[in-house]
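**Q** Just passing along the structure, written as structure tokens.
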Amino acid sequence: NQSDDYYMASGFSYHMGPEWVWLMGFFLRARLQFRSRPPVVVLNQLQRILQAHADHAHGSDWQGLPELTNKDGAFCPGSCTTQAWSSATILEALYDLHNC
């Protein structure tokens, strides 16, 4: 979009609006590594977040995770419906969780 609309032109809404799913994997891995609360609290938090991603993947036509979501994981129409790096970072978090 190369219009004069500041909030749409030159990819502003793409880079400054939606949530990037691949970052969640790194957040989860860091949360597991640097937990300050009792392990049970952290593990429950991680399992809740990971379950939401699993539910999305199982309901997806592509059995994967999107590139972007809107606020709180809502559908983002400008997003690729399945992105490898989104799934990969979540899988890395699952690996870390399994081996902690």
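**Q** Report the local net charge at Arg31: Lys and Arg +1, Asp and Glu -1, summed over other residues whose C-beta lies under 14 Å from its C-beta.
**A** On the way: positive: Arg29, Arg35, Arg37, Arg48; negative: Glu92, Asp96.
Here the charged neighbours net out to +2.
**Q** On to the next question. Shape of segment 56-100 from its Cα gyration tensor (a ≥ b ≥ c, root eigenvalues): rounded if a/c is under 1.5, otherwise prolate when a/b > b/c, or oblate?
**A** In terms of gyration-tensor shape, prolate.
**Q** Next question. Which peptide among 64-70, 32-38 comes first, and what is the full order, when sorted by highest mean count of other Cβ atoms within 10 Å?
**A** Descending packing order for the listed peptides: 64-70, 32-38.
**Q** Quick one: 3J(HN,Hα) in Hz for segment 67-76, Karplus 6.51/-1.76/1.60 with θ = phi - 60°, rounded, Gly and Pro as x.
**A** Couplings: 6, 9, 9, 7, 3, 6, x, 5, 4, 10 Hz.
**Q** Shifting gears a bit: Starting at the first residue of segment 29-44, write each ³J(HN,Hα) from the Karplus equation 6.51 cos²θ - 1.76 cosθ + 1.60 with θ = phi - 60°, in whole Hz, x for Gly and Pro.
**A** 5, 5, 4, 5, 6, 10, 6, 10, 9, x, x, 4, 5, 5, 5, 5
**Q** What value, in deg cm²/dmol to 500, does the helix sum -39500 (n - 2.57) over DSSP H runs of n ≥ 4 give at 222 nm once divided by the residues of the chain?
**A** -17000 deg cm²/dmol
**Q** Could I have the simple spin-label model distance between Phe27 and His98, label points 7 Å from Cα toward Cβ, reported in nm to one decimal?
**A** My value for the distance between the label points is 2.4 nm.
**Q** Using a ≥ b ≥ c from the Cα gyration tensor of the chain (square roots of the eigenvalues), is it rounded, prolate or oblate, where a/c under 1.5 gives rounded and otherwise the larger of a/b and b/c decides, a/b for prolate?
**A** It comes out prolate by the Cα gyration axes.
**Q** What residues qualify as long-range amide H neighbours of Leu68, i.e. H under 5 Å apart, gap of 5 or more or another chain, H built at 1.01 Å from N?
**A** Hits under the 5 Å cutoff: Val21, Cys80.
No value in this document is a laboratory result; all are computed from the given coordinates. Remember, it's a predicted structure, so these values are computed and weren't measured experimentally. Note that each Cβ is placed from the backbone with ideal geometry, even for glycine, and that neighbours are counted across all protein chains shown.
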